[in-house]
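Working notes, structure below.
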């Protein structure tokens with residue numbers, strides 16, 4: 001989902017849903033300015049008309065981004081310009097009311113919590129039907145979990161609503177909550193046209209599956225001309241009541257692998273792309289300047305090391321702490337990700353990422369390697385140094401496996417650094433990879449049975465969101481995403497408290513408190529925020545980075561082709 | 001002759017059926033196609049997964065599913081893939097895309113290989129022969145995807161720059177939503193065809209020209225050629241009338257085998273050029289644990305292999321009259 005909503009898909013392994021966002025980091029400042037790619041002062045101002053070709057990394061499996069089966073970043077990227085949202089995420093990671101859809105959105109009462117939205121009078125679907133409370137009510141009914149057969153990605157928030165009522169010709173929506181919900185601004189994102197969906201064969205579950213493009217639009221563009229596997233177009237929505245887009249259409253092409261992009265862009269076949277950066281890709285794009293402008297920056301996904309608490313050694317807090325102490329994360333960042341972008345930094349918080357306003361660095365005591373301290377810890381826990389400098393306990397050597405997506409050079413280098421650093425501490429780490437996404441079977445077995453997990457140390461990335469509550473399933477006892485097998489009732493209680501907290505400062509503090517507890521327990525060790533790469537033809541104006549799940553197409557209505 | 005062809009066809013059908021049993025078993029045993037749905041958190045409703053299972057027929061045992069598939073396959077219906085899309089039209093579309101590529105590449109490679117191989121053999125040990133030999137071995141050692149990148153960099157971009165417009169394309173099999181008439185469409189498809197066909201053709205040319213060269217050398221040493229020369233027939237006439245036709249037999253068999261491999265999946269070339277052909281389909285089917293898709297792919301490429309092999313046999317008979325009587 002884009003807009004203000006988020007889906008648990010946003011907290012899926014980063015490779016499974018490829019993030020194509022970019023965050024501009026203003027040096028040291030809390031506020032950031034978005035990275036504007038494509039500024040070429042020698043060309044004139046953008047003119048109306050024309051089309052721009054965008055290379056998407058993944059193709060959506062369907063167009064209803066709120067169903068579990070089709071929710072993905074790939075889908076969210078494309079529907080962001082078609083389905084209207086109540087609140088939208090700006091490049092500065094702020095959640096603001098969508099002024100194109102709403103006149104106002106306010107919490108008008110605390111007990112019970114009641115929120116009132118006023119929809120603009122001129123807001124209409126592309127067939128002329130006004131956007132009304134009926135569309136809000138439809139979104140609520142489908143996603144509140146009342147019907148177990150409804151395919152929904154997340155009921156979070158909707159299941160706390162008691163009623164959704166319309167008034168004043170249904171342009172005023174009154175939402176009453178049965179239980180308070182602090183993140184109410186995340187609701188009613190990417191709304192579907194209720195009157196169309198209810199008549200569509202297949203309805204909510206299957207009506208927008210596969211090749212069935214939504215036959216409506218509430219945004220500046222509409223989806224059209226879908227050739228599965230090849231391309232789809234975002235064409236100007238004639239019924240759009242806001243500022244009309246400059247472009248006639250954005251052509252989205254699928255299936256082009258990252259390595260083929262620089263030459264395709266040089267050849268004029270692609271205008272805008274945002275692939276995952278690998279070192280040579282960054283360099284190849286840089287070589288295409290000034291015709292192609294490119295930049296790397298830090299997004300909302302982060303790389304981390306997860307410790308399987310079911311391993312008898314990793315169950316010991318002393319061992320986990322020794323690993324965290326022994327790892328020189330600063331050096332690790334230098335040796336790996338900093339080669340792609342030298343501004344890369346160590347990440348010291350699991351809930352907030354570098355650049356988010358509430359970010360606090362809690363992991364500084366584990367920043368640089370303290371090998372002596374780590375070894376002391378192990379010895380105090382009863383480990384004795386044995387053959388080859390590896391610590392033993394009760395005859396068992398402290399041997400662990402580290403697993404990641406095989407074939408990813410950056411990750412394989414990271415593994416080698418970790419193996420070396422931990423060897424100094426006296427821990428024998430061996431690499432145990434599977435190619436590509438196949439390794440996730442070891443972390444998240446398809447049987448769903450935690451006993452089938454087959455790893456000790458897992459190295460991969462989560463893609464983040466501005467909604468910290470998305471982190472809850474990662475640490476909740478018994479959760480499928482909690483691959484570490486971690487359980488701490490204090491953390492679960494804090495997450496629950498934060499979810500109900502309506503004061504945003506108090507909420508932020510609660511999440512930071514959770515991270516502090518996690519640094520004490522160390523089920524995971526965050527490493528760094530992952531960089532992303534955005535490349536655009538310099539003659540396309542206004543291509544701008546957006547670090548949230550909205551992706552680079554978030555302001556496609558502002559894109560234009562410069563003359564000259 | 002008819003008997004030979006008939007026997008071959010019957011054996012081929014048997015092989016296809018046995019292979020399909022094996023493939024179905026392997027793909028079904030590979031794992032649960034709904035695994036990714038089960039892993040989601042919050043979990044997808046159990047009812048939804050159950051419904052999906054029933055829709056895909058996964059609640060029935062594998063042998064029963066296979067027999068059901070076989071039954072409908074014999075009637076021309078290859079079933080549906082895991083996304084509910086009918087397999088036969090999908091495989092057909094991908095086959096057409098691949099055939100475009102393969103026909104172009106094979107034609108180029110064949111003509112070049114026959115000419116170069118024959119010339120190389122006729123002018124054995126000359127400078128030209130050495131050059132062609134070295135070139136062939138260099139091409140044989142070059143990975144296809146690297147060759148593709150080189151072609152993009154050093155053929156497409158310079159040519160386009162010289163012409164002033166992007167005549168040669170580097171990705172895709174056609175431009176999406178192309179405006180214009182039939183000619184524009186054709187020119188566009190040709191522009192997209194150039195590089196992948198060239199990449200594939202160069203690789204095929206490398207091995208075929210070696211075959212042709214050694215076949216021609218064999219024939220040149222034969223008695224009938226020496227007699228022709230002895231009776232005063234000119235060099236070129238000897239070559240064209242007596243040598244080339246007799247040397248084509250080994251190449252025909254090699255081309256038939258290579259053709260089958262290429263149709264089945266020139267996966268790397270397809271990946272680098274973003275063509276959605278048979279190779280891509282196979283990869284999708286296997287990684288998606290989609291038995292119907294993989295079986296559909298197998299059946300179609302199996303038929304192509306059989307057809308190619310039969311055509312090769314017929315050509316063999318055309319080239320060498322002695323075979324017709326056998």
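Here are the numbers:
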quantity	calculated
Euclidean distance of C-alpha centroids, the stretch A:219-241 and the stretch A:111-145, integer Å	23 Å
Hydrodynamic radius by Kirkwood, which averages 1/r over all alpha carbon pairs of the stretch A:274-353, in angstrom	15.3 Å
Rounded if a/c under 1.5, otherwise prolate or oblate - the stretch A:118-221, Cα gyration tensor axes	oblate
Average beta carbon contacts from partner chains per residue of B:146-155, 10 Å cutoff	2
Inter-chain shielding of B:168-174 (mean C-beta neighbours from other protein chains, 10 Å cut-off)	6
Over chain A: helical MRE at 222 nm, DSSP H runs n ≥ 4 each giving -39500 (n - 2.57), nearest 500	-6000 deg cm²/dmol
Angle between chain A longest axis and helix A:371-380 axis [Cα atoms, degrees, rounded to 10]	70 degrees
Kirkwood Rh and Cα Rg combined as Rg/Rh, the protein assembly as shown	1.02
Sorted peptide list for B:301-313, B:47-59, criterion being average Cβ within 10 angstrom, highest first	B:301-313, B:47-59
The stretch A:511-564 and the stretch B:116-161: distance between their alpha carbon centers, rounded to Å	45 Å
Overall form of the stretch A:72-141 per C-alpha gyration tensor (a/c, 1.5; a/b vs b/c)	oblate
Between helix B:127-141 and chain B: long-axis angle, C-alpha atoms, 0 to 90°, nearest 10	10 degrees
Angle in degrees between helix A:409-425 and the longest Cα principal axis of chain A, rounded to the nearest 10	30 degrees
Residue with peak Gaussian network fluctuation, chain B [Cα springs, cutoff 10 Å], from B:290, B:77, B:223	B:223
Test item: A:254-266 mean partner chain Cβ contacts at 10 Å	6
For the stretch B:2-325: rounded, prolate or oblate by the Cα gyration tensor [a/c cutoff 1.5]	oblate
Value of D in µm² per second that Stokes-Einstein yields for the stretch A:151-297, Kirkwood Rh from Cα pairs, at 37 °C (0.692 mPa s)	169 µm²/s
Of B:107, B:118, B:98, the one that fluctuates the most in a GNM where chain B has Cα springs shorter than 10 Å	B:107
Residue order, fewest to most beta carbons within 10 Å, for A:135, A:370	A:370, A:135
Order by protection proxy (mean Cβ within 10 Å, highest first), peptides B:185-191, A:282-288	A:282-288, B:185-191
Cα centroid of the stretch A:295-365 to Cα centroid of the stretch B:237-278, whole Å	53 Å
Ordering of A:420-430, A:217-227, A:111-121 by burial proxy (mean other Cβ atoms within 10 Å per residue, highest first)	A:217-227, A:420-430, A:111-121
Modelled FRET efficiency - R0 56 Å, residue A:396 with residue B:177, Cβ distances, 0.05 increments	0.30
All Cα pairs of the stretch A:405-559, percent lying beyond 19 Å	67 percent
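Here, each number is a calculation from the coordinates, and none is a lab measurement. Small disclaimer: the values here were computed from a predicted structure and weren't measured. Note: ideal-geometry Cβ built from the backbone for every residue, glycine included; neighbour counts use all protein chains shown.
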